[in-house]
Amino acid sequence: MRHKTRWPKVTAEKKSVEELLKEMKKPGSTDANYRERSLKIHGLICAKCGREFDLSTKNLLTVHHRDGNHKNNPPDGSNWENLCIYCHDDEHSRGVLGDYLTKG
Ligand SMILES: [Zn+2]
Ligand SMILES: [Zn+2]
């Protein structure tokens, strides 16, 4: 008849809160945000070819990380460059990706 011990339940609840906080800090959610922020900071224009975009075409504009580190997302946008998908592809095929292939 010892069904009144409540403390294990409290511990479980506390754990789920921590779990929730972890969920909020998932890199996935910040990924979606940095793109919007970069577009806001640098504008809807490709940094390479200068092509301009608007709300209906901004899905063609992507965020490039200058140092190639996708986890380096300073709030001032200094590591971001807005590139259209064509320039972005170009950038990686001869830049970062090239290095990557050379290093094996
Ligand atoms: Zn471009
Ligand atoms: Zn890139």
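Residue by residue, here is whether (1) at pLDDT 95 or above; (2) exposed (fewer than 10 other Cβ atoms within 10 Å of the Cβ) holds:
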site	(1), (2)
LYS4	no, yes
TRP7	no, yes
SER38	yes, no
SER56	yes, yes
LEU60	yes, no
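Filtering region 45-76 down to residues that are without any contact (Cβ under 8 Å) to a residue 12 or more places away in the chain and not in a loop (DSSP other than H, G, I, E, B), which residue is nearest to ligand 1 (Cβ to nearest atom)? Ranking the candidates gives GLU52 first.
The values are calculated or read from the model by the stated rules, or taken from the named source; none is laboratory data. Fair warning: this is a prediction, and the values are worked out from it, not measured in the lab. Heads up, the Cβs are rebuilt from the backbone with ideal geometry, glycines too, and the neighbour counts pull from every protein chain shown.
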